[in-house]
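Okay, so here's the structure we're looking at.
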Amino acid sequence: MTPHELQQRQQRLLIRSTELRLQLRSDMQGLQRPAALADQLGAGLAWLYQHPQWPAGVLALLLILKPRRALAWTGKLWWLWKSARRLRRWRENLRA
């Protein structure tokens, strides 16, 4: 290849790279809201892990005021807790 052909090829590749970058940016804009929601959910879960007294207090208050409803919610929350732990272990195994 001549230097002129190499320069043209480089220019075409740069143009293609720019086009792909712009296309990726437009494709990613559709994922901004779900990603922001996932970030908020993660931050909320992190806060709950750091402050377990709040959910425990709410559950205790519910147990005092509405024992039957509290027992029903206890089962649901226990299932949610176990599922979150399983999901975390699964995610850690994927990373390894």
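The values are calculated or read from the model by the stated rules, or taken from the named source; none is laboratory data. Just so we're clear, the structure is a prediction, and the values are computed from it rather than from any experiment. Neighbour counts are summed over all protein chains in view; Cβ atoms, including those assigned to glycine, are modelled from backbone coordinates with ideal geometry.
Observations
- Trp73 vs. criteria modelled with pLDDT of 90 or more and surrounded by 10 or more Cβ atoms within 10 Å (Cβ to Cβ): no
- Test for Leu41: is it modelled with pLDDT of 90 or more and not polar (S, T, N, Q): yes
- Among residues of region 25-46, those that are exposed (fewer than 10 other Cβ atoms within 10 Å of the Cβ) and over 20 Å from Ala84 (Cα atoms), counted: 7
- Pairs, first within 17 Å of Gly42 (Cα to Cα) in region 81-96, second surrounded by 10 or more Cβ atoms within 10 Å (Cβ to Cβ), C-beta under 9 Å, six or more apart: Ala84/Leu45
- Exclusive hit being in a helix (DSSP H, G or I), surrounded by fewer than 10 Cβ atoms within 10 Å (Cβ to Cβ) and at pLDDT 85 or above, set Arg86, Arg68: Arg68
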